[in-house]
Amino acid sequence: MKRFSSLVLLIALVAGTFAFADDATVLPLGVFRIRAIPSYSMWSQSYANNGTASAASTGNSAVTAMSGAAELSVMNPITFGLQWAPGYYVASSFASMPTGLASNTKMAYTGPADLQVGAKIQVVGSQGFVQNNQFRIALTPGMYVPLDSYKADTEWQNFTGGNAYRTMSASDHQSFGFGAKADADYQINDMFFVNLHGQALYFLPNDSVSFTTEATYYGTYAAVYAQTYAAAVAGGASTAVAASTAATNATAYATANAPLTSTKTQYGVNTFFEFEPHAKYSFSDTTNVSAGLPFSYTYNLASTTTYNGTSTTGNPESFLSVGPNVSFFSVIGPLPVEVEVQYVLPLMGQNSNATSTLSLQLKVFGKAF
C-alpha cells in the first residue's frame with residue numbers, strides 16, 4: 001500500500017543534532033567524569049532534497065531523552081569512555097499523523113538509542129605522547145552498539161489494536177557501527193581556544209522487516225479478505241465457509257503480491273564536523289565559567305535498500321546547526337561539579353528535520369585511583 005511509503009523518512013532527528021561539545025583534552029590519570037544529560041528536541045519543519053524547509057508530516061513534534069556518559073583516564077594520554085547520547089527516548093508528541101496512520105494517533109518514538117564505546121588518545125598536548133602546551137591533537141577510535149530490540153510485527157499489532165506503537169527503532173541503524181573521531185585544539189591564550197572536530201562512522205548492513213512492510217502486507221491481506229468474504233456470502237456460502245475461503249485467498253494473494261520479506265539496508269558512511277570557539281574565565285583555582293559557540297555539520301552518504309530483489313538508493317542527508325553553550329564549574333563539597341546548558345538551532349539541511357534541542361549536562365568528577 002503506497003500510502004505508507006511516507007513512514008520511511010518519518011523521523012530522522014536527534015542523532016544528528018545532539019552531540020557533546022568536544023575538544024582534544026583527556027582526563028588526568030585516575031580521574032573519572034560522569035554525566036547526566038536530559039534533553040528536549042522539537043521541530044515543526046523538515047528539509048527536502050533541495051534544502052527547502054516545509055511543514056513536517058507530523059506537525060509540531062517533540063522528543064524527550066535521558067542521556068549519560070562515563071569516562072575514566074586509564075593512563076596519562078588515554079581516557080576510556082562510554083557515551084549514551086542520545087540515550088533513552090522517554091517521551092514523544094506529534095501534532096498530526098502521517099498518511100496511513102490517522103486511525104491510531106498513539107504513535108511514539110521511544111526506546112534506547114545506541115551506546116558509544118571508545119578510547120580517547122591524546123597524541124599531542126600537555127598529557128600527550130608529544131608534549132605541547134599550545135597545540136593539542138586527539139584521536140578516538142570506537143564503536144556503536146545497538147541496544148533497541150525492535151520488532152515490526154509487534155508494533156503493527158499494537159497499531160491495529162489501538163495501542164501505542166513505534167514505526168521505527170530508536171536505534172538509527174539497528175546494527176554495529178565502527179569509526180573514529182579526531183580533535184585538534186589551538187590554545188590562543190589562557191582564556192581562549194578553538195577546536196576542530198571530525199568523525200566518520202560505518203555501520204554494518206541491517207536486514208529486518210520494516211513497519212512499512214508489515215502495513216503493506218496486512219493491508220493487502222485485509223482488503224482481499226473483505227472482498228472474498230463478501231463475494232462468498234453473496235453466493236450463498238455459510239459464514240464459516242466464507243471466512244475459510246476468504247482467509248485462504250487473502251493469504252495467497254498477499255504472499256504473492258506483497259511478500260513479508262525483510263528489507264536489507266546498506267548504509268552510507270556517516271560524517272560529522274564541528275568548529276567551536278571556546279572561552280573560559282576563572283574566578284579562582286576551583287571556580288570558572290565557560291562558553292562555546294560550535295557550528296556543527298552532519299553529512300550522511302546515501303543508503304541503499306533492497307526489498308524483494310529490487311534495490312533503491314536514497315539521497316544523502318545533511319544538517320547544519322549552531323549550538324551556543326555556557327557552563328559553570330566549581331568544587332561542591334568533596335567533588336568538582338560542572339553544569340552546562342546548550343541550545344542547538346537549525347540553520348539548513350537536506351532530507352532531515354529542522355530540529356532544535358535544549359539540553360542540560362550535569363558533570364561530576366572524582367578520583368578513582
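Key figures
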item	result
30 Å tail of the calculated P(r), the chain, as % of Cα pairs	45 percent
Tail weight of P(r) past 18 Å, computed on alpha-carbon pairs of segment 205-316, percent	70 percent
For G268, residues with placed amide H under 5 Å, excluding near neighbours	S303, T304
Spacing of the two label points (7 Å from each Cα toward its C-beta) at L347 and Y186, in nm	1.8 nm
Inter-label distance for A222 and S238, nm, one decimal - labels placed 7 Å from Cα along Cα-to-Cβ	2.9 nm
GNM result for the chain, Cα springs below 10 Å: residue of V289, V344, V26 fluctuating most strongly	V289
Segment 141-282 - Rg over Rh from alpha carbon coordinates, Kirkwood radius	1.32
Reciprocal mean inverse distance between Cα atoms of segment 269-323 - Kirkwood radius, Å	14.6 Å
Apportionment of accessible area to carbon and sulfur, segment 268-307, percent (1.4 Å)	65 percent
Karplus-derived HN-Hα couplings along segment 131-136 (A = 6.51, B = -1.76, C = 1.60, θ = phi - 60°), whole Hz, x at Gly and Pro	6, 7, 9, 10, 10, 9
Sum of side-chain charges, T306 neighbourhood, beta-carbon under 14 Å (Lys, Arg +1; Asp, Glu -1)	0
Net length gained if the chain between L301 and I332 were fully extended (0.36 nm per residue, minus Cα distance)	6.6 nm
Residue-by-residue Karplus 3J(HN,Hα) for segment 327-342, coefficients 6.51, -1.76, 1.60, Hz, glycine and proline x	9, 10, 10, 7, 9, 10, x, x, 10, x, 9, 10, 10, 10, 10, 9
Residue-span extension gain [A95 to T154] - 0.36 nm each, minus C-alpha spacing	18.8 nm
Unsatisfied cross-links (Cα-Cα over 25 Å) in the set K151/K264; K120/K151; K106/K264; K280/K367; K120/K264; K120/K363	K120/K151; K106/K264; K120/K264
Overall Cα dimensions of segment 88-156, principal axis frame, Å, largest first	63, 25, 19
Nearest-ten-degree value, helix 239-257 long axis tilted from longest Cα axis of the chain	50 degrees
Accessible area per residue in Å² at 1.4 Å probe, computed on segment 268-369	50 Å²
Accessible surface ranking that places the most exposed of W43, W84 first, with a 1.4 angstrom probe	W84, W43
Backbone HN-Hα couplings from phi across segment 216-228 [Karplus 6.51/-1.76/1.60, Hz, Gly and Pro as x]	5, 5, 6, x, 5, 4, 5, 5, 5, 4, 4, 5, 5
Segment 83-145, accessible surface, carbon-and-sulfur percent (1.4 angstrom probe)	63 percent
Per residue accessible area of segment 34-95, 1.4 Å probe, in Å²	43 Å²
Amide H contacts under 5 Å for Q45, placed H, 5+ residues apart	A56, A354
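The values are calculated or read from the model by the stated rules, or taken from the named source; none is laboratory data. These numbers were taken from a predicted model, which means no experiment stands behind them. Positions of Cβ are generated from backbone atoms using ideal geometry, with glycine treated the same way; all protein chains shown enter the neighbour counts. Note: areas computed on protein heavy atoms with side chains; ligands, DNA, RNA excluded. Shrake-Rupley method; radii C 1.70, N 1.55, O 1.52, S 1.80 Å.
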